[in-house]
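Peer 1: My questions will all concern the structure given below.
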Amino acid sequence: MIGTWEVGGAFVRGGRLLRAFTQVVPCLWVLGVICWELLTPHDTEVVPLLAAAPAIACASSGRRRCILLLGGASLLFALAPPTALEPDGDSEEPHASLVSCCAILAVVAASYLTNGRRLRLVRELEQMRAVAAAAQDAVLRPLPARLEGIEVASGYLSASRGAVVGGDLYEVLATAHGVRVIIGDARGHGLGAIRTVAAVLGSFREAAHDEPELADVLRRLDRALQRHLRERALGEPHVGEEPGTPVAEEFVTVLLLEVAPDGELTALNCGHPWPYLLSESATGAARVRRLDPAEVLPPLGPFPLPGDLPAARCAPLQPGDALVLHTDGAEDARDAHGTFFDLGPALARAAGTGPIDPAAVIEGVRSAVLRHTGGRLADDVALLALRNETKAG
């Protein structure tokens, strides 16, 4: 699985340059104060400005050794005798150096203690992030690279900073009935939709193995979602949920797929975008076309499922072909001018020429989405690529 992506290589490089610059700032400050003191008349007293260096080091690099080294260097200069560049240096008040040294020592002590508290908070934050990552992996767990002759790649972009999962969901399972796939989108995005995602995925992971018919799997998902919504209606709103949203308005779009060993595809779609089929052409470039085999049912939640749920027969997944499933966050992504992201051409460019590589397709679309939006996502984006790697004939 390609998890929550960082916002483009240029943004990452810019962050590294910024961190390197902040580590140099305290040294530049000390050097600037020393040059100012040596090259200006003695009545311009700037040595006390050295006291700011340890505080700047505490705020930028956060290293105790750096705080102590800069504090020691500042003290040495504050205690140094007047130089030839200070012709009136003998007129300096006797207690001026002592006052500067006391100020520097006070700032060093305060910065050192503040940095210790900061380190403790950082360790606690890292531990909380590790716990949160483990919990999120349990909800949207990493997918295997291969399942029953199907090569798998996936990716997720959460619109909530710091979250690995949000309102989008997907899962791929190898069952006795074939490889079964789900991709969906719960109402909302970010942390408020995670509980709904967990309820739907938990039900799918059981029903996909138990139910021989895809329609029965969908009915199990619908019952699980209805139970979840009833429990939410009886309880208090949770942190991260959108305020003022009645439970009756909650819904989940779901696309269920079943890939038989011979590549035959069957699908049930409840309000979700249909996937794209990528296949190799005679010229080597990938052909991209959208599957649209049947009418779409309403999303799960607001309306009961109809009594008859015939699974749609899609074009078979031939050896070497790939299927790309996505949530509406990909096609609804906009740039600064409000232009929507064009997913079809982006898939063709990401597939390139030659054999289709699902991981490369996901990575290419990821980069294109981030470039198009400038890293500012309004909705979660989930991508799932499945390639039939069995040999023809």
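The values are calculated or read from the model by the stated rules, or taken from the named source; none is laboratory data. Predicted model, so just to flag it, every value in this text is computed and none were measured. Cβ atoms come from the backbone with ideal geometry, glycine included; neighbour counts cover every protein chain shown. With ligands, DNA and RNA removed, areas are computed over all heavy atoms of the protein, side chains included. Shrake-Rupley method; radii C 1.70, N 1.55, O 1.52, S 1.80 Å.
Peer 1: Identify all residues within segment 316-354 that are open to solvent by 50 Å² or more (accessible area, probe 1.4 Å), without any contact (Cβ under 8 Å) to a residue 60 or more places away in the chain and not β-branched (Val, Ile, Thr); write none if there are none.
Peer 2: The answer is Pro316, Asp332, Arg334, Ala336, His337, Phe340, Asp342, Pro345, Arg349.
Peer 1: So how many residues does segment 355-389 have that are touching an Asp or Glu at 6+ places or on another chain (Cβ under 9 Å) and of a type in the set (Ser, Thr, Tyr)?
Peer 2: Within segment 355-389, residues that are touching an Asp or Glu at 6+ places or on another chain (Cβ under 9 Å) and of a type in the set (Ser, Thr, Tyr) number 1.
Peer 1: Among the numbered conditions (1) part of a strand (DSSP E or B); (2) surrounded by fewer than 17 Cβ atoms within 10 Å (Cβ to Cβ), tell me where Asn269 comes up short.
Peer 2: (2)
Peer 1: Only residues in segment 365-380 that are at positive phi count as the first member; pair them with residues that are open to solvent by 20 Å² or more (accessible area, probe 1.4 Å) and in a loop (DSSP other than H, G, I, E, B), Cβ under 6 angstrom, at least 6 apart or cross-chain, and list the lot.
Peer 2: What qualifies is Gly375/Val7.
Peer 1: Mind listing whichever residues of segment 336-350 are touching a Gly at 6+ places or on another chain (Cβ under 9 Å) and over 30 Å from Arg387 (Cα atoms)?
Peer 2: Ala336
Peer 1: Tell me which of these Glu171 doesn't satisfy, since it passes every other one: (1) modelled with pLDDT of 90 or more; (2) open to solvent by 30 Å² or more (accessible area, probe 1.4 Å).
Peer 2: (2)
Peer 1: So, Ser111, is that one modelled with pLDDT under 70 and either open to solvent by less than 30 Å² (accessible area, probe 1.4 Å) or on the phi > 0 side of the Ramachandran plot (or both) or not?
Peer 2: In short, no.
Peer 1: Taking segment 301-315, which residues are surrounded by 14 or more Cβ atoms within 10 Å (Cβ to Cβ) and either within 30 Å of Ala359 (Cα to Cα) or acidic (Asp, Glu) (or both)?
Peer 2: Answer for segment 301-315, where residues must be surrounded by 14 or more Cβ atoms within 10 Å (Cβ to Cβ) and either within 30 Å of Ala359 (Cα to Cα) or acidic (Asp, Glu) (or both): Ala311, Ala312, Cys314, Ala315.
Peer 1: Could you tell me which residue of segment 272-291 is modelled with the lowest pLDDT, considering only residues that are in a loop (DSSP other than H, G, I, E, B) and within 30 Å of the chain's Cα centre (by Cα)?
Peer 2: Step by step, filter segment 272-291, then rank; the result is Leu291.
Peer 1: Does any residue of segment 182-196 turn out to be open to solvent by 60 Å² or more (accessible area, probe 1.4 Å), under 26 Å from the mean Cα position of the chain (by Cα), among the polar types (S, T, N, Q) and modelled with pLDDT under 95?
Peer 2: No, every residue in segment 182-196 fails to be open to solvent by 60 Å² or more (accessible area, probe 1.4 Å), under 26 Å from the mean Cα position of the chain (by Cα), among the polar types (S, T, N, Q) and modelled with pLDDT under 95.
Peer 1: Another one. Mind checking which residues of segment 355-374 are in contact with a Gly (Cβ under 6 Å, 6 or more places away or on another chain) and open to solvent by 20 Å² or more (accessible area, probe 1.4 Å)?
Peer 2: Arg366
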